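For reference, the structure discussed in these notes is given below.
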Amino acid sequence: LSKEIIKEIALGGLLLDIGKANIPEAILNKPAKLTDDEFARMQSHVTEGLRLLKQVPGISDIVVQMVGEHHERFDGTGYPRGLKGETIPLEGRITAIADNFDALTTQRVYKPAYDFDHAKELMLKERGKHFDPELLDIFFDSMEEITRIYDQFADPTWLSTSRHRAITQDQGEVA
């Protein structure tokens, strides 16, 4: 990928969930399972994000496309359009992997942060279903680099956790 495309993917990654600005906080911060209506409202963050970004001059088509496709699934069961396989543009398939890995490894009000190994295990179960199998393999082949970057930019309070110590000990480093 060109440096320009990589920059667009990075910007798109930052804006993926901008539509959540229009989702009620009671839904965003609910510690329990969402009702069907709440889940439908949560899913609307994709179309809300598209609506917001289309009003911003200079936002690239790639960024808009990523916001609109980060919940599509490789098997066609995603939303909002139910795109399947390679009809999901490359940037959308990359984003689905990165967004899910981030969601799994970040603490949420309804779940703890999972360690990288557990996140990998869960995502591999979705290989070819939720995720492009080839891209998922590339992603996990890069785990050493992902861990290095994660540690470089991690919240300092996280670096003292048992999760960080377990990762660095697996790499032969002293935490």
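The values are calculated or read from the model by the stated rules, or taken from the named source; none is laboratory data. From a predicted model like this one, the values you see are computed outputs, not experimental measurements. Glycine gets a Cβ as well: all are built from the backbone with ideal geometry, and neighbour counts include every protein chain shown. Ligands, DNA and RNA are excluded from the accessible area calculation, which covers all protein heavy atoms including side chains. Shrake-Rupley method; radii C 1.70, N 1.55, O 1.52, S 1.80 Å.
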Subset of the stretch 1-23 [in contact with a helix residue (DSSP H, G or I) (Cβ under 9 Å, 6 or more places away or on another chain), part of a loop (DSSP other than H, G, I, E, B) and open to solvent by 40 Å² or more (accessible area, probe 1.4 Å)]:
Leu1, Asp17
Can you tell me which of (1) modelled with pLDDT of 95 or more; (2) in a helix (DSSP H, G or I) is the one Gln169 doesn't meet?
(1)
By residue number, the members of the stretch 24-50 that are surrounded by fewer than 13 Cβ atoms within 10 Å (Cβ to Cβ) and free of Cβ contacts under 8 Å to residues at least 60 places away in the same chain are Pro24, Glu25, Ala26, Thr35, Asp36, Asp37, Phe39, Ala40
What is the residue count in the stretch 51-75 for residues that are assigned to a loop (DSSP other than H, G, I, E, B), free of Cβ contacts under 8 Å to residues at least 24 places away in the same chain and of a type outside the set (A, V, I, L, M)?
4
When the stretch 2-23 is examined, which residues are found to be of a type in the set (A, V, I, L, M, F, W, C) and without any contact (Cβ under 8 Å) to a residue 40 or more places away in the chain?
Ile6, Ala10, Leu14, Ala21, Ile23
Could you grab me the full set of residues in the stretch 104-125 that are closer than 23 Å to Ile27 by Cβ, in contact with a helix residue (DSSP H, G or I) (Cβ under 9 Å, 6 or more places away or on another chain) and not in a strand (DSSP E or B)?
Leu104, Thr105, Val109, Ala113, Tyr114
